[in-house]
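One structure below.
The values are calculated or read from the model by the stated rules, or taken from the named source; none is laboratory data. In this text the structure is predicted, and so the values were computed from the model without any measurement. Don't worry about glycine lacking a Cβ; one is built from the backbone with ideal geometry, like all the others, and counts go over all protein chains shown.
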Amino acid sequence: MRHFDHAYIGGTFVPVSGDEVIETIDPTTERVIGTARLANRADARQAIATAGDAQRTLGLTTKAERIDMLKRLRAAVLARTDDIRDVTIEEYGGPLSRAKWVSQYASQSFANTVDVLEGYDLTRRIGDADVVMQPVGVSALIVPWNSVAGTMCSKLASAIAAGCASIIKPSEFAPLQTRVVAEALHAAGLPAGAVNVLLGRGDDVGDELGTNPGVARISFTGSTPTGQRIARAAVATMKRVTLALTGKSPALLLDDADFETAVPQALNAAFMNNGQACVAGTRLLVPRSRLAEVIALVRGTVAAMRVGDPRDPATTIGPLASRAQYERVQRYIRLGLDQGATLVAGGEGRPDGLSTGYFVKPTVFADVRGDMDIARDEIFGPVLCIQSYEDEDDAVRLANDSAYGLQAYVFSSRPERARRMALRLEAGSVLVNRIVPDVLAPFGGVKQSGVGRELGRFGFESFLEPKAIVTG
């Protein structure tokens, strides 16, 4: 049993002053494995003040100094790769393959940002002006429970590259992962206050970060309703805001695709991270003339997927992160049945042989109408909707028939056709014949999926403000 009651503020781990204590439950066994005392508004104010003090120095650092800090962060996080992998499995239920990827991506985020910063001119001449790219200032980095280590490090890498002191608020449901990453960040030996980390509720710590005038910038990843509240609160002090929000991503299977390859890829896109991914391709759009063929392939592929212990390399899908998430997904499966969708695979309850743990059967529905809840809402579990289309125009219409526009997938054997379709899709990014993104490409959504972009040059620039100096 592990107990967490410290925040990382000013270069040291300090006891939090909050009173609320929550339990951490292993989603595989449903056993309590730890407790965490949450920070409160007073702790958040202390972190903001400390970051403000650090900002005065950090904001004046040179490119070379920032690159050195990023390299130290990479080395420190890389040294904890195995620990990050293990706590991701234990606390979150991430399958081994996914946990490995996250643990490696966490350190690689800093290396990627070094490459961006080395090739970036922080001062440029435009007409009669010298345009200087300066740090926006103290930044709040708010991280979701479904991607803790990777999101902490990718956001922080951009902030440090820009010279911004940061307060990181991961989800309160991830104390084990947060502690390991915070220890790694501490080992990098950055100036005191450049990085601060604390766990707390959104209506307490999160609200303070969103309203306190000492915070100049918010980078938030999470649900659209929470992002809307953050944006409204940020207006009062004109904070710069980047919001990576809810997704309901379409996977468009064109009739010239290699179905034997594309259908398993599409299912992996739908069920990645146990279905708990904002970019999950949870709407599979298929030619009506080949619907029966696709359903047969889906049934065969799903039947071969192993659901179980996330530590087992053979496992495809582990447990959901919490009982609340399990019950949410069960409710959506019932809604799909009640609203007339056809069950192709899976269904309610746990998979056979699993009586404990928040395990869900990988579930696929066909005959899904656009007005069904399972077609419109982000379920955040291994549930896939199959919709059929008549022609390209109908496929685009179905793909864009969503309040969200985070990511999309296109499968085709003709690159020029796939690109043409990608240009018509309302999404921040489109992956063609692949489900793994390029982590240097900009990431973010359109419509209700967010504002702004993260990662690579675009993510780095979001922490900078241009200042024009015009001399006579």
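Filtered by the rule that a residue be assigned to a loop (DSSP other than H, G, I, E, B) and in contact with a helix residue (DSSP H, G or I) (Cβ under 7 Å, 6 or more places away or on another chain), region 201-212 gives a lone residue, N212. When V329, V360, V364, V307 are checked against the criterion of being closer than 26 Å to R397 by Cβ and crowded, with 17+ Cβ neighbours inside 10 Å, a single residue qualifies: V364. I'd like to check something: does region 441-459 contain any residue that is buried (at least 22 other Cβ atoms within 10 Å of the Cβ), closer than 30 Å to Y326 by Cα and among the hydroxyl-bearing types (S, T, Y)? For region 441-459, residues buried (at least 22 other Cβ atoms within 10 Å of the Cβ), closer than 30 Å to Y326 by Cα and among the hydroxyl-bearing types (S, T, Y): present. Total residues in region 424-435 satisfying the condition of being within 16 Å of Y404 (Cα to Cα) and more than 19 Å from the chain's Cα centre (by Cα): the figure is 3. Within region 326-346, no residue satisfies the criterion of being free of Cβ contacts under 8 Å to residues at least 40 places away in the same chain and in contact with a Lys or Arg (Cβ under 6 Å, 6 or more places away or on another chain). Kindly evaluate V470 against the criterion of being surrounded by fewer than 16 Cβ atoms within 10 Å (Cβ to Cβ), within 25 Å of the chain's Cα centre (by Cα), over 16 Å from A251 (Cβ atoms) and in contact (Cβ under 8 Å) with a residue 60 or more places away in the chain. No; evaluated as a whole, the condition is false for this residue. Here the helices (runs of 4 or more DSSP H) wholly within region 341-428 that include at least 3 residues being at pLDDT 95 or above and closer than 30 Å to L440 by Cα are 392-400, 415-424. Against the test of being within 25 Å of A277 (Cα to Cα), out of contact with any strand residue (DSSP E or B) (no Cβ under 9 Å at 6 or more places or on another chain) and crowded, with 24+ Cβ neighbours inside 10 Å, the options A157, A140 yield a single qualifying residue, A157.
Across region 184-200, the qualifying residues are those that are assigned to a helix (DSSP H, G or I) and of a type outside the set (G, A, S), and the one among them that is surrounded by the fewest Cβ atoms within 10 Å (Cβ to Cβ) is H186. Summed over region 54-77, residues that are surrounded by fewer than 16 Cβ atoms within 10 Å (Cβ to Cβ) and of a type in the set (D, E, K, R) total 5. Evaluate region 225-232: report whether one residue or more is under 24 Å from V116 (Cα atoms), in a helix (DSSP H, G or I), in contact with a strand residue (DSSP E or B) (Cβ under 9 Å, 6 or more places away or on another chain) and modelled with pLDDT of 95 or more. For region 225-232, residues under 24 Å from V116 (Cα atoms), in a helix (DSSP H, G or I), in contact with a strand residue (DSSP E or B) (Cβ under 9 Å, 6 or more places away or on another chain) and modelled with pLDDT of 95 or more: absent. A search for C-beta distances below 9 Å between a residue of region 8-32 that is on the phi > 0 side of the Ramachandran plot and any residue that is of a type in the set (K, R), counting only pairs 6+ apart in sequence or on different chains, returns E30/R323. Count of region 101-149 residues, restricted to those that are under 24 Å from the mean Cα position of the chain (by Cα) and in a loop (DSSP other than H, G, I, E, B), is 7.
Just to verify a result, which residue in region 375-393, among those that are over 9 Å from K248 (Cα atoms) and small (G, A, S), is surrounded by the fewest Cβ atoms within 10 Å (Cβ to Cβ)? Ranking the qualifying residues of region 375-393, first place goes to S388. Scanning region 255-267 for any residue that is hydroxyl-bearing (S, T, Y) and either modelled with pLDDT under 95 or in a helix (DSSP H, G or I) (or both) turns up at least one such residue.
Select, from V181, V215, V279, the only residue that is closer than 25 Å to V360 by Cβ, in contact (Cβ under 8 Å) with a residue 40 or more places away in the chain and either assigned to a strand (DSSP E or B) or not small (G, A, S) (or both). Sole residue among the options that is closer than 25 Å to V360 by Cβ, in contact (Cβ under 8 Å) with a residue 40 or more places away in the chain and either assigned to a strand (DSSP E or B) or not small (G, A, S) (or both): V279. Only a single criterion out of (1) surrounded by 15 or more Cβ atoms within 10 Å (Cβ to Cβ); (2) closer than 18 Å to N273 by Cβ is not satisfied by S97, namely (1). Within region 282-315, the set of residues being part of a loop (DSSP other than H, G, I, E, B), farther than 18 Å from G349 by Cβ and not aliphatic (A, V, I, L, M) comprises T282, D309, P310, R311, D312, P313, T315.
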